[in-house]
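J.: Here you go, one structure.
The values are calculated or read from the model by the stated rules, or taken from the named source; none is laboratory data. A quick note: this is a predicted structure, and the numbers were derived from the prediction, not measured. Positions of Cβ are generated from backbone atoms using ideal geometry, with glycine treated the same way; all protein chains shown enter the neighbour counts. In case anyone asks, the SASA skips ligands and DNA or RNA and just uses the protein heavy atoms, side chains included. Shrake-Rupley method; radii C 1.70, N 1.55, O 1.52, S 1.80 Å.
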Amino acid sequence: MSLFYYMAASHGLPTGSFGKKNTTMTLMDYVTYVNPEAKNHTHMQTLLENYPKGDKLVEIYETAEDAAGLYVRGPMEDQDASHIFRFPYVYEVHPDGGSFQMNEEIKRSYPTAYPCYQKCLTELFHYLDRNLEIGEQIELFSCWADGSERFEEAAKLEPDLTLKLTELLQAEEFEWRTQQYIVVKK
């Protein structure tokens, strides 16, 4: 089983990766100028065998936090989510390299991973801020899924939480919980 996160909007939204800080370079430049020791690692040796000229492009991140961000995919067309969401444009949302939770307990338990968790959430909030007009709403929902069936849950008639985006942008703590239906208003 996997945990999936979704958002639904009244209009189309941008898709792809957001918030990552990377440098793109060829394999040869990486092992020549950035990390010569990488030539000794099995994975890099395999890549160099497959690309002997070293011309394959790779993304390089200086820190784990640089690699963390948000990934948005959709809109979904193969699943009927109309009993979960009021809005027609449904997207999968992934905390790429982190989590959609930040609080003091997690900060104490996972001090090195916490900045990545925090970045994934703040990137989600900034994404919503960039893509919603004042007065608009977006719906968020998370659920466990086994296989391709994602929305077997009963409909939620009322949101578990209704939040203002301005409050989320200032939040010190937040956790997007399983089976939680959230409406965010800008």
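J.: Out of (1) of a type in the set (A, V, I, L, M); (2) at pLDDT 95 or above; (3) open to solvent by 70 Å² or more (accessible area, probe 1.4 Å), the odd one out for L57 is which?
T.: (2)
J.: Let me ask you something else. Please go through segment 88-104 and give me each residue that is in a loop (DSSP other than H, G, I, E, B) and either more than 16 Å from Q180 (Cβ to Cβ) or more than 14 Å from the chain's Cα centre (by Cα) (or both), ordered by number.
T.: Matches in segment 88-104: P88, G97, G98, N103.
J.: Can I ask one more? Sort out which residues of segment 95-138 are open to solvent by 60 Å² or more (accessible area, probe 1.4 Å) and in contact with a helix residue (DSSP H, G or I) (Cβ under 7 Å, 6 or more places away or on another chain), and write them in order of number.
T.: K107
J.: Can you say whether T112 is β-branched (V, I, T) and outside any loop (DSSP other than H, G, I, E, B), as far as the supplied structure shows?
T.: no
J.: Considering only residues that are open to solvent by less than 70 Å² (accessible area, probe 1.4 Å) and more than 30 Å from the chain's Cα centre (by Cα), which ones fall in segment 37-54?
T.: L48, G54
J.: Taking only pairs six or more apart or across chains, which ones have beta-carbon atoms under 8 Å, a first residue in segment 161-186 that is without any contact (Cβ under 8 Å) to a residue 24 or more places away in the chain and of a type in the set (K, R), and a second residue that is open to solvent by 60 Å² or more (accessible area, probe 1.4 Å) and assigned to a strand (DSSP E or B)?
T.: K164/K185
J.: Which residues, taken from segment 60-82, are open to solvent by 60 Å² or more (accessible area, probe 1.4 Å) and more than 23 Å from L121 (Cβ to Cβ)?
T.: Residues satisfying the conditions are E77, D78, D80, S82.
J.: On to the next question. Only one of (1) farther than 30 Å from Q118 by Cα; (2) touching a residue at least 24 places away in the same chain (Cβ under 8 Å) is not met by L47, so which one is it?
T.: (2)
J.: Next up: Does segment 12-34 contain any residue that is more than 20 Å from the chain's Cα centre (by Cα), modelled with pLDDT of 90 or more and assigned to a loop (DSSP other than H, G, I, E, B)?
T.: No, segment 12-34 contains no residue that is more than 20 Å from the chain's Cα centre (by Cα), modelled with pLDDT of 90 or more and assigned to a loop (DSSP other than H, G, I, E, B).
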